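Chemist: This is the structure I want to talk about, given as structure tokens.
The values are calculated or read from the model by the stated rules, or taken from the named source; none is laboratory data. On a predicted model such as this, the values are computed, not experimentally measured, just so you know. Here the Cβ positions follow ideal geometry from the backbone for every residue, glycine too, while neighbour counts run over all protein chains shown.
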Amino acid sequence: MGKVTIGFSMSLDGFIAGPHDEVDRVFKWYFSGDTTHEVASGGQVFKMNEEGADRIQEGGQAAGVLVTARRTFDLAHAWGGKHPMNVPVVVVTHNVPQEWVKAGSPFTFVTDGVESAIAKAKQIAGDKTVVIGAPSVVKQCLKAGLLDEIHIDLVPVLLFDGIPLFDHLGIDPVDLKIIEVSANPGIIHITYAVVK
């Protein structure tokens, strides 16, 4: 089975979006380089530095499934029926949106908790990576000891308010081991292993 990982662009003070879910500042680095990268679904093109483009491509190729929360699913309007990573999506929810329960849908809805969602995601992903794509699911995975790796694209901005990635988890400290760090103008890439 593949590992369970996260990857988020984050402000220096720990926010992955502004107070109204705006991501323009934390995603600015996606559009401020000289290397073109088309997302897997073919629906969008980023213009970032070469290393960033390589990292996005490698992460996308390693991904077997994305696990997200219903709130993220709704905010993204179900990505128009196809996530930009072009992988199956497992949605953790209390209420299944029936309009997406149909043959050929890339979405699987899990109503009995994050542990079940990760188990289903691992089944779908096989040897590929399970990517967590919502802060609420990240927190639940940390609490349950399900997370293997954390990748942060640290953006040089202080938002002072917004959607935090890590806050008030109510658990013992989690030790991390730095696996890789690289810096470019406008972004620092940091990958950590979760020490278990």
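Chemist: Is there a residue in the range 89-101 that is over 17 Å from the mean Cα position of the chain (by Cα), crowded, with 16+ Cβ neighbours inside 10 Å, modelled with pLDDT under 95 and farther than 21 Å from Phe15 by Cβ?
Modeler: Yes, some residue in the range 89-101 is over 17 Å from the mean Cα position of the chain (by Cα), crowded, with 16+ Cβ neighbours inside 10 Å, modelled with pLDDT under 95 and farther than 21 Å from Phe15 by Cβ.
Chemist: Within the range 177-185, is there a residue that is basic (Lys, Arg) and at pLDDT 95 or above? Reasoning before the result, please.
Modeler: Of the range 177-185, the ones basic (Lys, Arg) are 177.
Next, from what is left, pick out any that are at pLDDT 95 or above: 177.
Among the residues of the range 177-185, at least one is basic (Lys, Arg) and at pLDDT 95 or above, which makes the answer yes.
Chemist: Scan (1) buried (at least 16 other Cβ atoms within 10 Å of the Cβ); (2) of a type outside the set (Gly, Ala, Ser); (3) at pLDDT 85 or above; (4) closer than 21 Å to Cys141 by Cβ for the single condition Met85 breaks and write down its number.
Modeler: Failing condition for Met85: (3).
Chemist: Still on this structure, I have one more. Identify, from the list Ile118, Ile132, the residue that is surrounded by 18 or more Cβ atoms within 10 Å (Cβ to Cβ), modelled with pLDDT of 95 or more and within 18 Å of Phe15 (Cα to Cα).
Modeler: Working: Ile118 fails: within 18 Å of Phe15 (Cα to Cα).
After applying the criteria, what remains is Ile132.
Chemist: Going through Lys139, Lys177 one at a time, which residue ends up being within 14 Å of the chain's Cα centre (by Cα) and either in contact (Cβ under 8 Å) with a residue 12 or more places away in the chain or closer than 22 Å to Ala119 by Cα (or both)? Spell out how you get there, then give the answer.
Modeler: Working: Lys177 fails: within 14 Å of the chain's Cα centre (by Cα).
Of the residues listed, the single one that is within 14 Å of the chain's Cα centre (by Cα) and either in contact (Cβ under 8 Å) with a residue 12 or more places away in the chain or closer than 22 Å to Ala119 by Cα (or both) is Lys139.
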